[in-house]
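The values are calculated or read from the model by the stated rules, or taken from the named source; none is laboratory data. Note that this is a predicted model, so its numbers are computed, not measured. Here the Cβ positions follow ideal geometry from the backbone for every residue, glycine too, while neighbour counts run over all protein chains shown. Surface areas here come from the heavy atoms of the whole protein model, side chains and all, with no ligands, DNA or RNA. Shrake-Rupley method; radii C 1.70, N 1.55, O 1.52, S 1.80 Å.
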Amino acid sequence: MTKHVAVLMGGLSAEREISLRSGTACARALEEQGYRVTPVDVSHDVASLLASLKPDVAFNALHGKFGEDGCVQGVLELLRIPYTHSGVLASSAAMNKEVAKVLMAAAGVPVPKGRVVHRLEAAQAHVLPPPYVLKPVSEGSSFGVFIVKADQERPPLELTCADWAHGDLMLAEEFVDGRELTCAVMGERALDVIEILAADGGWYDYHAKYAKGGSKHLLPANLKEKIYQEVQHLAIEAHRALGCRGVSRADFRYDDRPGGTGALVVLEVNTQPGMTETSLVPEMAAFAGFSFGELVKWMVEDASCDR
């Protein structure tokens with residue numbers, strides 16, 4: 001019997017458009033792999049819709065709030081529908097950047113120093129010595145992220161905007177200069193390491209992530225063998241520390257500048273990495289010998305409910 005896969009996409013978060021792109025690409029690839037596919041643009045009626053569809057598996061291509069933070073995973077648990085990516089607890093923990101840092105640090109994974117502050121407090125005066133990073137505690141795709149440079153006299157005024165939509169709690173972290181690295185975990189296997197270079201020479205913001213030509217990916221990253229292997233090792237350790245399953249992606253900063261600190265830190269773990277035409281995980285999987293279709297097929301066959 002042909003397996004029926006519901007591809008969950010869209011959703012209610014700020015990352016809706018990216019999720020639609022991910023979901024559409026995955027649905028097309030799964031159909032080419034021989035699955036019966038139903039695309040589902042997720043809204044508040046998702047539970048009743050899935051109960052009527054009765055899919056064999058839910059492919060979760062949602063990003064951000066309600067789709068990546070344990071909420072839809074809880075719905076799928078109640079309906080006993082196996083689903084891709086991480087379960088309720090791991091999804092919730094990874095989405096909260098401060099909780100994720102505590103868990104990773106407890107497992108010996110190096111993370112940047114920092115603290116949680118209210119956005120209005122962060123807007124009044126520097127909460128850390130510049131340079132530092134301000135990011136929403138529970139947001140993705142670089143929404144609401146600011147790099148406060150050493151020569152900035154005050155924090156960004158955007159934090160006080162009446163239409164601010166990224167939550168009141170911000171994570172203030174020391175800025176780790178150097179190279180942007182990322183490594184995916186597929187099951188219990190670390191894939192190869194990519195170095196990311198923003199096309200404009202700046203940081204890896206929303207435009208660099210999703211615009212065609214917005215960034216350059218060096219795969220494999222040009223690193224000393226010991227550092228390369230350490231990145232892969234830490235990606236697996238971070239995956240395990242948060243209780244992830246399936247595919248995840250860990251993002252790093254590595255300061256190998258002359259006279260730099262030599263620091264290698266994990267910035268965050270993405271439990272549902274992007275699956276668009278410019279996304280990193282499909283690129284790493286292809287380098288490891290998996291076509292896009294083979295990657296999404298593996299994810300469907302790996303799907304389960306929390307036990």
Taking region 106-121 and keeping only residues that are surrounded by 20 or more Cβ atoms within 10 Å (Cβ to Cβ), of a type outside the set (Val, Ile, Thr) and outside any strand (DSSP E or B), one is left with Arg119
- Task: Confirm whether Ser43 is among the small types (Gly, Ala, Ser), out of contact with any strand residue (DSSP E or B) (no Cβ under 7 Å at 6 or more places or on another chain) and closer than 19 Å to Leu20 by Cα.
- Result: yes
Considering region 248-273, residues that are part of a strand (DSSP E or B) and touching a Phe, Trp or Tyr at 6+ places or on another chain (Cβ under 9 Å), and then whichever is surrounded by the most Cβ atoms within 10 Å (Cβ to Cβ), we arrive at Val266
Within region 102-149, the count of residues that are under 16 Å from the mean Cα position of the chain (by Cα) and within 30 Å of Leu20 (Cβ to Cβ) comes to 11
The one condition Thr182 fails out of (1) part of a loop (DSSP other than H, G, I, E, B); (2) open to solvent by less than 20 Å² (accessible area, probe 1.4 Å); (3) in contact with a strand residue (DSSP E or B) (Cβ under 6 Å, 6 or more places away or on another chain) is (1)
The residue from Leu53, Leu103, Leu8 that alone is touching a Leu at 6+ places or on another chain (Cβ under 7 Å), at pLDDT 95 or above and open to solvent by 20 Å² or more (accessible area, probe 1.4 Å) is Leu103
The residue that is most open to solvent (accessible area, probe 1.4 Å), considering only those in region 39-50 that are in contact with a helix residue (DSSP H, G or I) (Cβ under 8 Å, 6 or more places away or on another chain) and farther than 13 Å from Gly10 by Cβ, is Ala47
A careful count of residues in region 274-294 that are part of a helix (DSSP H, G or I), touching a residue at least 24 places away in the same chain (Cβ under 8 Å) and of a type in the set (A, V, I, L, M) gives 4
By residue number, the members of region 123-140 that are hydroxyl-bearing (Ser, Thr, Tyr) and open to solvent by less than 20 Å² (accessible area, probe 1.4 Å) are Tyr132
If we keep only residues of region 61-100 that are open to solvent by 50 Å² or more (accessible area, probe 1.4 Å) and either part of a loop (DSSP other than H, G, I, E, B) or out of contact with any helix residue (DSSP H, G or I) (no Cβ under 7 Å at 6 or more places or on another chain) (or both), then the residue farthest from Leu49 (Cα to Cα) is Glu98
Q.
Given the condition at pLDDT below 95, open to solvent by less than 20 Å² (accessible area, probe 1.4 Å), in a helix (DSSP H, G or I) and not small (Gly, Ala, Ser), answer yes or no: does some residue in region 24-37 qualify?
A. no
Flagged in region 242-273 as touching a strand residue (DSSP E or B) at 6+ places or on another chain (Cβ under 9 Å), of a type outside the set (Val, Ile, Thr) and either under 18 Å from Ala303 (Cα atoms) or free of Cβ contacts under 8 Å to residues at least 60 places away in the same chain (or both), in numbering order, are Leu242, Cys244, Arg245, Gly246, Ser248, Arg249, Gly262, Asn270, Gln272, Pro273
